[in-house]
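The structure under discussion appears below in the form of structure tokens.
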Amino acid sequence: MPSLQEQILAYEQEINAFAPATPADLEQFRIRFLGTKGLVKLLANEMKSVPPEGRKEAGMLLNGFKQLAEARFAHFSALQQSAAANGPAIDISLPGTPIPMGTRHPLRVVENQIVSIFEKIGFSVATGPEIEDDWHNFTSLNMPEHHTARDMQDTFYVAQNPDWVLRTHTSSVQARILESQPLPVRVICPGRVYRNETISARAHCFFHQFEGLYVDKNVSFADLKQTLYYFVTEMFGPDTKVRFRPSYFPFTEPSAEMDISCTVCGGSGCNLCKHSGWVEILGCGMVHPNMLRNFGIDPEVYTGFAFGMGVERITQIKFEVNDLRLYSQNDVRFLRQFQGL
Ligand code: PHE
């Protein structure tokens, strides 16, 4: 039978090597060493058989043994408590959870492109409110009350105030610029506009426009054509052709619509250009003298041009998106296609 000393030494080695994998292991340890029938109690009982002259030394040994077992238990139970509070330990060798990349909305991608193309030739960005009053959306743009041209756009009125509308075009920002900024002005105005249309692949009750306005001395139609030609070659490539067709807008005279050669088929005929080889992209013209007068500007001294285009239309041509509804459905399968742009 090994002496008390030898037994304690062996148990101390066991205690020092002990490391619990689970709380159950630690409980086993507690029962084995510190329980009511545990080894500390058992060995204390054996003190009786130690001769009196060895008792002091044996008592100190036993005490050390007890303290070691208690310290080891306290150490691991503290560790297990903090692990329970902090969740499982982190395994730094595991591969990380990928963070999915977001995408810019295609309309925003195109709007940013348009802005940077016009900024290069000295246009600055201006914005205006989406809820407009009659004056800025219609009347000041040479569309007084009962003017038939108001019917060109189906308007949403704000129920609380018959003078307020959801702006039907960004031309309202032209009005705000002319009333507030000193001449010359050279601005582009991106923004959301609203029309009371039935939603379909080709029409929506809200969409985005992009307005341009340049008013100074000696601004001519040639400046307008050159500016727009520069824009489309930057946007769609140097081989893009343009053509202007006479049109009508109350706030421009003369007015035109501009087409570009079809970017999909190059002019030979496809669905986008409806087999004509041309796609319409914007309306434009020389700012109407009446509109200039509405803002106290003398049309004999100053002239200007304006243009307005649909951002959805430009995006449709650029990315061949054939259904307007896709832009507002937030379907990630659609949006992911524009990743990295
Ligand atoms: N505001 C016109 C529209 O919404 C577009 C336009 C803007 C035409 C500026 C001429 C000049 O249809």
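Among the residues of region 259-271, how many are out of contact with any Ser or Thr (no Cβ under 8 Å at 6 or more places or on another chain) and either at pLDDT below 90 or over 16 Å from Gln316 (Cβ atoms) (or both)?
Of the residues in region 259-271, 6 are out of contact with any Ser or Thr (no Cβ under 8 Å at 6 or more places or on another chain) and either at pLDDT below 90 or over 16 Å from Gln316 (Cβ atoms) (or both).
Condition first: under 22 Å from Ser82 (Cα atoms), surrounded by 10 or more Cβ atoms within 10 Å (Cβ to Cβ) and not charged (D, E, K, R). Now tell me which residues in region 1-30 satisfy that.
Matches in region 1-30: Ile15, Asn16, Phe18, Ala19, Pro20, Pro23, Leu26, Gln28, Phe29.
The rows are residues; the columns are (1) surrounded by 14 or more Cβ atoms within 10 Å (Cβ to Cβ); (2) more than 14 Å from the ligand (Cβ to nearest atom).
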residue: Gly237; (1), (2): no, yes
residue: Arg245; (1), (2): no, no
residue: Pro250; (1), (2): yes, no
residue: Ser255; (1), (2): yes, no
residue: Asp259; (1), (2): yes, yes
residue: Cys265; (1), (2): yes, yes
residue: Leu272; (1), (2): yes, yes
residue: His275; (1), (2): no, yes
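Show the residue pairs that are 6+ apart or on different chains and have beta-carbon atoms under 7 Å apart, the first residue being within region 129-141 and in contact (Cβ under 8 Å) with a residue 40 or more places away in the chain, the second being basic (Lys, Arg) and open to solvent by 10 Å² or more (accessible area, probe 1.4 Å).
Short answer, once both residue conditions are applied: Glu130/Arg192; His136/Arg176.
Confirm whether Asn290 is farther than 22 Å from Ile188 by Cβ, within 16 Å of the ligand (Cβ to nearest atom) and either of a type outside the set (A, V, I, L, M, F, W, C) or free of Cβ contacts under 8 Å to residues at least 12 places away in the same chain (or both). Quick ask: steps written out before the conclusion?
Details: farther than 22 Å from Ile188 by Cβ: yes; within 16 Å of the ligand (Cβ to nearest atom): yes; either of a type outside the set (A, V, I, L, M, F, W, C) or free of Cβ contacts under 8 Å to residues at least 12 places away in the same chain (or both): yes.
So Asn290 passes the test.
Look through region 166-203, keep the residues that are within 11 Å of the ligand (Cβ to nearest atom) and part of a loop (DSSP other than H, G, I, E, B), and return whichever of them is surrounded by the most Cβ atoms within 10 Å (Cβ to Cβ).
Selected residue: Arg167.
With (1) more than 19 Å from Ala306 (Cα to Cα); (2) within 13 Å of the ligand (Cβ to nearest atom); (3) open to solvent by 80 Å² or more (accessible area, probe 1.4 Å); (4) not polar (S, T, N, Q) as the list, and Glu132 as the residue in question, which single condition is left unmet?
(3)
Of all residues in region 1-52 being hydroxyl-bearing (Ser, Thr, Tyr) and in a helix (DSSP H, G or I), which is modelled with the lowest pLDDT?
Within region 1-52, the match that is modelled with the lowest pLDDT is Ser49.
Just name the residue that is nearest to the ligand (Cβ to nearest atom) out of those in region 145-162 that are outside any loop (DSSP other than H, G, I, E, B) and aliphatic (A, V, I, L, M).
Taking region 145-162 and keeping what is outside any loop (DSSP other than H, G, I, E, B), we get 148-152, 157.
When the remaining residues are screened for being aliphatic (A, V, I, L, M), the result is 149, 152.
Values: Ala149: 10, Met152: 7 Å.
Restricting to residues being outside any loop (DSSP other than H, G, I, E, B) and aliphatic (A, V, I, L, M), the top hit is Met152.
Considering only residues of region 53-106 that are at pLDDT 90 or above and under 30 Å from His208 (Cα atoms), which is least open to solvent (accessible area, probe 1.4 Å)?
Across region 53-106, the extreme among qualifying residues is Pro106.
Table: residues versus (1) in contact with a Leu (Cβ under 9 Å, 6 or more places away or on another chain); (2) in the same structural domain as Thr198 (by TED's automatic domain parsing); (3) under 24 Å from Val219 (Cβ atoms); (4) within 16 Å of the ligand (Cβ to nearest atom).
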position: Gly285; (1), (2), (3), (4): yes, yes, yes, yes
position: Gly304; (1), (2), (3), (4): yes, yes, yes, yes
position: Arg313; (1), (2), (3), (4): yes, yes, no, yes
position: Val332; (1), (2), (3), (4): no, yes, no, no
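Looking only at region 263-303, which residues are more than 17 Å from Thr252 (Cα to Cα) and among the aromatic types (Phe, Trp, Tyr)?
Trp278
Which numbered condition in (1) within 13 Å of the ligand (Cβ to nearest atom); (2) not in a loop (DSSP other than H, G, I, E, B) is the only one that Asp223 fails?
So the condition that Asp223 fails would be (1).
With the requirement that a residue be of a type in the set (Asp, Glu) and in the same structural domain as Leu26 (by TED's automatic domain parsing), what does region 45-92 give you? Talk me through it step by step, then tell me what you get.
First, pick out the residues of region 45-92 that are of a type in the set (Asp, Glu): 46, 53, 57, 70, 91.
Of everything in region 45-92, those that are of a type in the set (Asp, Glu) and in the same structural domain as Leu26 (by TED's automatic domain parsing) turn out to be Glu46, Glu53, Glu57, Glu70.
Between a first residue in region 143-160 that is hydrophobic (A, V, I, L, M, F, W, C) and a second residue that is in a loop (DSSP other than H, G, I, E, B), which pairs have beta carbons less than 6 Å apart while being 6 or more apart in sequence or on different chains?
Pairs that qualify, where the first residue is hydrophobic (A, V, I, L, M, F, W, C) and the partner is in a loop (DSSP other than H, G, I, E, B), are Met143/Pro250; Ala149/Met143; Ala149/Pro250; Phe156/Asn196.
Based on what the data block shows, is Tyr230 within 13 Å of the ligand (Cβ to nearest atom), of a type in the set (Ser, Thr, Tyr) and open to solvent by 40 Å² or more (accessible area, probe 1.4 Å)?
no
The values are calculated or read from the model by the stated rules, or taken from the named source; none is laboratory data. Please read these numbers as outputs of a predicted model, since none were measured by experiment. FYI the Cβ positions are ideal-geometry reconstructions off the backbone, even for glycines, and counts take in every protein chain you see. For accessibility, only protein heavy atoms count, side chains too; no ligands or nucleic acids. Shrake-Rupley method; radii C 1.70, N 1.55, O 1.52, S 1.80 Å.
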